[in-house]
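Below is one structure, written out as structure tokens; the observations come after it.
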Amino acid sequence: MLRYTLSQSDNNASNIMFKNMLNTAQTDSFIAKLIPRSSFQIAYTEEEMSADHDKAYSNYTSPLGAAMLMNRLFTESLISNEKQKFIKNALKECKTGIDRIVAPLLDKEGVVIAHKTGSGNVNENGILAAQNDVAYICLPNKVCYTLAVFVKDFKGNESQASQFV
């Protein structure tokens, strides 16, 4: 299920894991040990946010917080080596958001990209709450960097918002 959540942005798998593994408060507490508290909050499941779109604004991550977490995942030992390797590989397999950060790098030989996307719902006024991507990118010359781009409250569709990412 974690693989689906990471590589396919599967919200159903995310909801199941929140119900059966770590709830939102436990997950929030764990992440608070990794990045500054001011840079994120996890208060609701995807299911709860889907039922009430306004709740989506209570779950947030800043681009800096997301980049810090991604960078730490790839450069530090945070959990067991086996679990961390699994997460890194799942992020490298991410198939969502190929029109976002990874788009200009897809056909570049020797570039390794691990990324995680996030998308919000469109409200009754046609406002897309969020269209995000955070990536850890390694170039053929072994230079690696982290990049996060977040679009918030976009008047338009997901495809249009992805062009900004």
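Taking segment 80-103 as the range and being assigned to a helix (DSSP H, G or I), over 17 Å from Asn132 (Cβ atoms) and not small (Gly, Ala, Ser) as the test, the residues that pass are Asn81, Glu82, Lys83, Gln84, Lys85, Phe86, Ile87, Lys88, Asn89, Lys92. Please determine whether any residue of segment 96-103 is among the basic types (Lys, Arg), within 14 Å of the chain's Cα centre (by Cα), at pLDDT 90 or above and buried (at least 16 other Cβ atoms within 10 Å of the Cβ). For segment 96-103, residues among the basic types (Lys, Arg), within 14 Å of the chain's Cα centre (by Cα), at pLDDT 90 or above and buried (at least 16 other Cβ atoms within 10 Å of the Cβ): present.
Here is a yes/no grid of residues against (1) closer than 14 Å to Asn121 by Cβ; (2) among the basic types (Lys, Arg); (3) in contact with a Lys or Arg (Cβ under 6 Å, 6 or more places away or on another chain):
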residue: Ile31; (1), (2), (3): no, no, no
residue: Ile35; (1), (2), (3): no, no, no
residue: Gln41; (1), (2), (3): no, no, no
residue: Glu48; (1), (2), (3): yes, no, yes
residue: Lys55; (1), (2), (3): yes, yes, no
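Within segment 123-150, track down each residue that is surrounded by 17 or more Cβ atoms within 10 Å (Cβ to Cβ), of a type in the set (A, V, I, L, M, F, W, C) and at pLDDT below 95. Residues satisfying the conditions are Leu128, Ala129, Ala130. Among the residues of segment 67-79, at least one is out of contact with any Cys (no Cβ under 7 Å at 6 or more places or on another chain), touching a residue at least 12 places away in the same chain (Cβ under 8 Å), under 21 Å from Leu2 (Cβ atoms) and assigned to a loop (DSSP other than H, G, I, E, B). Could you go through segment 4-14 and let me know if any residue there is in contact (Cβ under 8 Å) with a residue 60 or more places away in the chain, of a type outside the set (Ser, Thr, Tyr), surrounded by 14 or more Cβ atoms within 10 Å (Cβ to Cβ) and in a helix (DSSP H, G or I). Yes, there is a match, as at least one residue in segment 4-14 is in contact (Cβ under 8 Å) with a residue 60 or more places away in the chain, of a type outside the set (Ser, Thr, Tyr), surrounded by 14 or more Cβ atoms within 10 Å (Cβ to Cβ) and in a helix (DSSP H, G or I).
Go through segment 71-87 residue by residue and tally those that are in contact with a strand residue (DSSP E or B) (Cβ under 6 Å, 6 or more places away or on another chain) and among the charged types (D, E, K, R).
0
Selection of segment 80-91 for residues being over 13 Å from the mean Cα position of the chain (by Cα) and touching a residue at least 40 places away in the same chain (Cβ under 8 Å) yields only Phe86.
Number of residues in segment 137-165 that are within 19 Å of Arg72 (Cα to Cα) and free of Cβ contacts under 8 Å to residues at least 12 places away in the same chain equals 3.
For segment 15-61, how many residues are crowded, with 18+ Cβ neighbours inside 10 Å, of a type in the set (Ser, Thr, Tyr) and within 28 Å of Thr75 (Cβ to Cβ)? The total comes to 2.
The values are calculated or read from the model by the stated rules, or taken from the named source; none is laboratory data. Everything quoted here is computed from the prediction, not taken from an experiment. Note that we place each Cβ from the backbone using ideal geometry, even for glycine, and neighbour counts take in every protein chain shown.
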